[in-house]
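Taken together, the values in this text are just the output of simple stated rules run on the coordinates, not laboratory data. Just so you know, these numbers come straight off a predicted model, no measurement behind them. For neighbour counting, all protein chains shown are included, and Cβ atoms are generated from backbone atoms with ideal geometry for every residue, glycine included.
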Amino acid sequence: MKSIRRDVTLHCTLAITIVLLFLGLGLYIIIRHVLRKQFDHGLLARLSSVVSNIDFDPPDHFHVEFDASNTLGWKVPSHPLYVQVWNTDGKVVFRSQSLAGFSLLFIRPQPGKIFFNSLQIPQTGHFREAITWLQIGQEGDSLGEDHRLGLSGGPKNPNDRKQQPKPQGREMYLLALARPMKRVDNALATLAVALIVSCSCAVAGAAGLLVMMVSFGFKPIRKIAARIESIGVTDLGDRLPTDYIPMEIQPVVQRLNALLARVQNAFLREKELTADMAHELRTPLAGIRATLELARNRPRSSDEYRQTLNKTLALAIQIQNIVGNLLTLARAESGQFTSEPSASRLDQLLERNLAEFSESLTARRVKLEQTAWSVVTIVAPPELIVLVIRNVLDNAVSYVNDGGTIRFSLLCREDAVRLEVANTGSRISSAHAVHVFERFWRGDAARTSGQHHSGLGLSIVKYVMEQLRGTATVETQFNGWFVIRLVFPATDAGSLGP
């Protein structure tokens, strides 16, 4: 299972390890460079000491002799010196006994320069070698140390690699001096071990501190989880506090509070719907039972039985309408209307559905008026448009008074399509008009006279119009007009038809 705490700890530990690795490596490189520089300075001092101990005596042929005094430390086992001298032809003219037949590296440095080189001497280990030119004069010449090391004989321009002519009475030799770097290597090995151990301990300690810090940092989340767990079905009004919540998770807490509010509203709506359903179904069911019990008490004529059956059928139709509208509303709220939007002629749908009520309107002497009419094409799921039109027309036809008027208005403007359906005979006040979209709400006796109505039609209209990003409003006028106004937004509206 994925764990944020584990991921944060691992990533932070990895980052600390990388940082310490680079710091340790950089420190090791710097210290190694400093130690080698110091060692080279010491090697240069030894080289000067060797030069100061040179004796020369040219008899029949030229040769160089060295003072074998212990001042050079040649015979000290812990600090052996290795000296070798070559003439300009590369011939060895002197080799210290400590080399035991092994030859140092022969390299010709630039005049006036000292060349440093690292090498391995068999059975001895890692050494550092310094090579320079050595100038030796005739016996009796008094040459300074700089002359002997060749530091004054090199060219003034470093780019000039041509060797200057030898001064008369002097010979040029290559002098190489090597010393073991055992102490430096041991010091570097000790430093490497110390850095590895210290960095490992630092990483382990940082990981432990990170575990504690991350655990402490997640404490508000554990509090939120405990608070959420304590919220039950009866405590949906509780909200998560935001006073001790870090700002990084405040958006999560705010969304949870909003979710709790929606859940509470949905739960309250379900409770109200259950209560309203029980109330609405209780009346027709009680009517059916009373009618059947009354018919069963004594023998009746065929006409009386026929009246009883007609009354029972009307009550059953009312129950069927209630259940059908509830199912329709449930399907709409659960998004089960899955048809794709398509272009539909709104005027044709209105006329087609109005034709289904023509017989009832004629029997009740209801007049139809069209104050404004446009040929309109609208883009929306067809079944939702039909559902809205059918419920709006059914409401107007059901509650218009006998001999009254139903008025239609359909206009297409640049920003929207507006459909108005108005009927006479309304006794709903303006204060109560806003409640007509509530489930099972009825405002006057006229709206309870329809035996086949459930009080859900306009609730369905309101919900579907919101899904279509439109609006549904009502208006009552002093002369008994009840107006339902539907406005479809411009994104749903097509254009004027031909």
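Our coupling estimate for the stretch 404-411, obtained by passing each phi through the Karplus curve with A = 6.51, B = -1.76, C = 1.60 and θ = phi - 60°, is x, 9, 10, 10, 10, 9, 9, 10 Hz, Gly and Pro reported as x.
Highest first, please rank the peptides 10-20, 371-381 by the mean number of other Cβ atoms sitting within 10 Å of their residues.
In decreasing order of mean packing, 10-20, 371-381 become 371-381, 10-20.
Taking Lys and Arg as +1 and Asp and Glu as -1, the other residues whose beta-carbon sits under 15 Å from that of LEU191 total +3.
Amide H to amide H, with H built 1.01 Å from N, SER409 comes under 5 Å of GLU420, counting only residues 5 or more places away or on other chains.
For the stretch 219-320, chymotrypsin sites (Phe, Trp or Tyr not before Pro) are listed when DSSP marks them as loop and at most 16 other Cβ atoms sit within 10 Å of their Cβ; the list is TYR244. Whole-Hz Karplus values for the stretch 352-357 come out as 5, 6, 5, 5, 5, 9 Hz, taken residue by residue from phi with 6.51 cos²θ - 1.76 cosθ + 1.60 and θ = phi - 60°; glycine and proline positions read x.
Taking a 25 Å limit on the Cα-Cα distance, which of the listed pairs LYS37/LYS182; LYS91/LYS182; LYS223/LYS271 fall beyond it? Exceeds cut-off: LYS91/LYS182; LYS223/LYS271.
The modelled label-to-label distance for the pair SER430/SER374, using points 7 Å beyond Cα in the direction of Cβ, is 2.8 nm. Sequentially through the stretch 420-428, phi angles give Karplus couplings (6.51, -1.76, 1.60; θ = phi - 60°) of 10, 10, 10, 9, 8, x, 7, 10, 7 Hz, Gly and Pro residues having no value and appearing as x.
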